[in-house]
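Below: one structure, written as structure tokens.
What follows draws every value from the coordinates through simple rules; no lab data is involved. None of the values given here were measured: they were computed from a predicted structure. Backbone-built Cβ (ideal geometry, glycine too); neighbour counts: all protein chains shown.
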Amino acid sequence: MTPIQFRRHLHAHPELSFREHETAAFIEKALADEGIPSRRIAETGVLVRLEGRGDLRRATVLRADIDALPITEHTGLDCSSLNAGVMHACGHDMHAAVLFGTLCRLNAERDFDGTVFGVFQPGEECNPGGASKVLAENPFEGYEVTAVIGGHVDSGLETGELGFCPGEFMASNDELRFHVRGRGGHAAMPETRDDTVTAAAHIITMLNAVNDDKALLAIGRITANGATNVIPDEVSMEGTLRTFDERVRRTAWKIIGGVAASVDAKFGTRTEVDIDRGYPCVRNDEALTETAERLASEMFRARRLAPRRTAEDFGYYSQRYPSVFYRLGVGAAAGRSHTSSFAPDEGAIAVGIDFMCRLAKAVAHQ
Ligand SMILES: [Zn+2]
Ligand SMILES: [Zn+2]
């Protein structure tokens with residue numbers, strides 16, 4: 001099976017995060033047909049191990065995500081989704097096809113040092129992130145992982161163009177929920193009630209003051225269900241915290257708790273703060289990223305990218321092992337990802353395979 005056929009099958013049969021049962025069975029079969037053994041990981045993921053030459057305890061890990069999104073497809077493609085309300089609208093079918101093609105080539109050529117792992121990872125789009133489940137199974141125990149390599153399609157880059165950002169690349173994302181509670185009452189009788197709404201407003205203003213280029217905290221939802229003359233017992237707020245550094249992230253958690261406590265002390269309210277932890281920051285190893293960027297510029301075109309405030313569960317790998325996460329151009333005509341019309345250029349698959357093979361071999365050899 002060619003990588004394009006592989007991609008089209010996945011595209012026509014998308015499955016939601018952590019429900020990639022048919023997807024995993026298809027990947028296992030396609031690999032087996034190429035003579036590549038695999039095993040399941042994280043229930044609906046697939047793990048491949050290829051042995052090269054030399055010290056087999058040194059390992060390079062290649063990762064692709066495989067889950068789709070709850071979107072009804074409107075691309076008009078021949079390989080459009082056959083699963084109602086589900087679509088590969090983030091290009092993970094492309095990522096899986098690139099990894100499939102890369103593993104086929106590495107398996108056939110066997111001209112690399114050490115061990116190469118291929119991870120078809122489930123559940124990137126949804127907490128707790130399939131990456132955390134993969135790592136919880138310790139699949140690389142006993143190996144020295146020298147690099148984890150992954151990429152994501154990008155319609156901001158032309159086909160044949162790859163994007164790189166050494167160091168801090170993508171943000172952590174934590175969901176924030178606040179419940180500011182107090183005695184509600186008549187708006188005109190402040191001595192008999194607490195200022196729950198004003199307390200909530202103070203929390204927002206104080207938290208906004210924390211924002212800088214390393215941390216972004218935004219509240220997107222407020223519910224204060226009172227009336228013109230009724231102050232409610234409770235005000236709820238929801239928002240997001242994004243940071244580029246795990247230390248900044250932990251500091252921000254402390255600041256959030258401190259702000260709530262100081263507002264409570266001033267207004268006599270009781271604020272419950274709930275921080276639902278999302279993915280950690282994606283940190284690109286500088287040396288690895290420079291190697292990747294140099295190779296890309298020799299083979300195709302390389303572009304330096306700014307950090308992004310979106311999140312990726314690849315962050316789990318990058319917090320544990322030297323890692324590089326890059327962007328693979330699929331052309332502006334692809335449109336925006338996470339929309340019903342997203343249609344990346346399949347020409348990027350061959351680019352992705354050439355690049356991933358070359359990068360895997362280069363870092364395995366270092
Ligand atoms: Zn996505
Ligand atoms: Zn994605």
Exercise. Tell me which aspartates and glutamates have Cα within less than 18 Å of Lys29's Cα, excluding those fewer than 8 residues away on the same chain?
Worked result: Glu15, Glu20, Glu43, Asp65, Asp67, Asp93
Exercise. When ranked by the protection proxy of mean other Cβ atoms within 10 Å per residue, highest first, what sequence do the peptides 186-198, 351-363 form?
Worked result: 351-363, 186-198
Exercise. Can you give the direction-averaged projected area of the convex hull of the alpha-carbon atoms in the range 92-153, in nm²?
Worked result: 4.9
For this session: Please give every one of the aspartates and glutamates within straight-line cross-link reach of Lys214, meaning a C-alpha to C-alpha distance under 15 Å, and leave out same-chain neighbours fewer than 8 residues apart.
Result: Glu168, Asp174, Asp245, Glu246
Seminar exercise, completed: Summed over the other residues with a beta carbon less than 9 angstrom from that of Glu161, with K and R at +1 and D and E at -1, the charge totals +1
Problem set entry | Using alpha-carbon coordinates, inclination of helix 3-12 to the longest axis of the chain, degrees | 40
Exercise. Of the beta bridges DSSP finds with both residues in the chain, what % are antiparallel, to the nearest 5?
Worked result: 60
For this session: Please give the residues of the range 199-214, grouped as numeric ranges, whose backbone N is less than 18 Å from a label point set 7 Å along the Cα-to-Cβ vector of Thr223.
Result: 200-201
For this session: Please name which of Asn225, Gly35, Pro322 has its Cα lying farthest along the dipole of the chain towards the positive end, using unit charges on Cβ (Lys, Arg +1; Asp, Glu -1) and the Cα centre as origin.
Result: Pro322
Problem set entry | Mean residue ellipticity (222 nm) of the chain, computed from DSSP H runs ≥ 4 via -39,500 (n - 2.57), nearest 500 | -10500 deg cm²/dmol
Exercise. With each label point set 7 Å from Cα along the Cα-Cβ vector, what nm distance links Asp213 and Glu238?
Worked result: 3.2
Problem set entry | Span from the the range 41-92 Cα centroid across to the the range 165-227 one, whole angstrom | 38
Exercise. What translational diffusion coefficient, in µm²/s and rounded to a whole number, does the Stokes-Einstein relation yield for the chain at 37 °C and a viscosity of 0.692 mPa s, taking the hydrodynamic radius as the Kirkwood radius over Cα pairs?
Worked result: 149
Exercise. Magnitude of the Cβ-charge dipole of the chain, K/R +1 and D/E -1, about the Cα centre, nearest 20 debye?
Worked result: 540
Seminar exercise, completed: Expressed in Å to one decimal, the Kirkwood Rh of the range 172-276 from all distinct alpha-carbon pairs is 14.0
For this session: Estimate the FRET efficiency between Thr310 and Asp55 by the formula 1/(1 + (r/R0)^6), using the beta-carbon distance for r and 35 Å for R0, to the nearest 0.05.
Result: 0.45
Problem set entry | Gain on full stretching of the segment that runs from Leu77 to Glu286 - 0.36 nm per residue minus C-alpha separation | 71.3 nm
Exercise. If you count, for each residue, the other Cβ atoms within 10 Å and average over each peptide, how do 244-251, 13-20 line up from highest to lowest?
Worked result: 13-20, 244-251
Seminar exercise, completed: For the range 103-178, listing GluC sites (Glu not before Pro) in a DSSP loop whose Cβ sees at most 14 other Cβ atoms within 10 Å gives Glu137, Glu141
For this session: Quick one: which residues, 5 or more positions from Gly129 or on another chain, have an amide H under 5 Å from its amide H? H modelled 1.01 Å from N in the peptide plane, none for Pro or chain starts.
Result: none
Exercise. With r defined as the distance between the Cβ atoms of Ala136 and Met189 and R0 fixed at 51 Å, what FRET efficiency is calculated, to the nearest 0.05?
Worked result: 0.40
Exercise. Can you give the convex hull volume of the alpha carbon atoms of the range 44-189 per residue, in Å³?
Worked result: 242
